[in-house]
């Protein structure tokens, strides 16, 4: 299986890069109290660090808003995953426990203010690509939505051979490939647009890998994808 970034993504969004963590044979069951404690700490730290800053105007969020506008999604209607996460925290909402891998990537997302998501590799089919939606994409059932809907042409999506697994880049995951307590093989992805640097992305990716190794075990590898390295074998 390949995980790759369409060449057009680099043309349309200069400087984009991805931190990728691949888990094989991990254990995502249970509820580690240390993870829950760390997630609460990161929520508190994020609120204190941002102060009165409006998250939609933060330098690390503005590029995502611009990217969403570029592929035709209104940023105020479709929040990128990190803006949505921080906005909820700033309102005083506690990010609830989903499962260990999701909690871990939310910790990293809040700590470094970057979007992070993940897929269950055993539920994907064929190669996985970060690409642009075509004219005849299959409808995808997204998390929390009542019925499947097809991506719009030109929208940035993650997809496998069966269809979209995440819409509007990092807006919302598909139910089909979501991480669960039964997940043992997974792909986690951190996304970065300038001004987030390669060094910051590498630090966040290393932190994500270390947390996964500590709490979920298995065989864990990490990679950086950019215009010089556009795919990996999973």
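Every number in this text was worked out from the coordinates using simple rules, so none of it is lab data. Computed from a predicted model, the values in this text were never measured in an experiment. In this analysis, Cβ positions are derived from the backbone assuming ideal geometry, glycine residues included, and neighbour counts consider all displayed protein chains.
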Please give the Cα centre distance for segment 176-222 versus segment 44-107, rounded to the nearest Å. 18 Å
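Tell me, 206, 37, 109 in order of fewest to most beta-carbon neighbours within 10 Å? Mind showing how you got there, number by number?
Numbers: 206 14, 37 10, 109 25.
By the 10 Å Cβ count, ascending, the order reads 37, 206, 109.
How would 167, 65 line up from fewest to most surrounding beta-carbon atoms within 10 angstrom? Please list the in-between numbers first.
On the way: 167 26, 65 20.
Exposure proxy ranking, most exposed first: 65, 167.
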Relative contact order (percent, whole number), segment 1-141, Cα cutoff 8 Å, 6+ residue spacing: 41 percent
Over 5 Å intervals from 0, what percent of Cα-Cα pairs in segment 118-183 sits in each interval? 4, 20, 32, 26, 14, 3, 1
Please compute P(r) over all alpha-carbon pairs of segment 34-91, binned at 10 Å starting from zero, and give each bin as a whole-number percent. 22, 47, 24, 6, 0
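Considering all projection directions equally, how large on average is the shadow of the alpha-carbon convex hull of segment 47-165, in square nanometres? Please list the in-between numbers first.
On the way: hull surface 33.0 nm².
Seen from a random direction, the Cα hull of segment 47-165 projects 8.2 nm² on average.
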Over the Cα atoms of segment 174-221, how large are the radius of gyration and the largest Cα-Cα distance (Dmax), in Å? 12.8, 36
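Arrange 219, 13 by Cβ neighbour counts within 10 Å, fewest through most, would you? Mind dumping the intermediate values first?
On the way: 219 11, 13 20.
Fewest to most other Cβ atoms nearby, the residues stand as 219, 13.
In Å³ and rounded to a whole number, note down the convex hull volume per residue for the Cα atoms of segment 95-146. Let's see the in-between values first.
Numbers: hull volume 7.5 nm³, N = 52.
Spread over its residues, the Cα hull of segment 95-146 gives 143 Å³ apiece.
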Take every Cα-Cα distance within segment 118-234, group them into 10 Å bins from 0 onward, and report for each bin the whole-number percent of pairs it holds. 12, 40, 36, 11, 0
Using a 10 angstrom cutoff on alpha carbons, build the Gaussian network for the chain and name the most mobile of 135, 191, 173. 135
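Which semi-axis lengths, in whole Å and largest first, follow from the square roots of five times the eigenvalues of the Cα gyration tensor of segment 1-47?
32, 20, 6
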Here the chain gives, from Cα atoms, an Rg and Dmax in Å of 16.5, 45
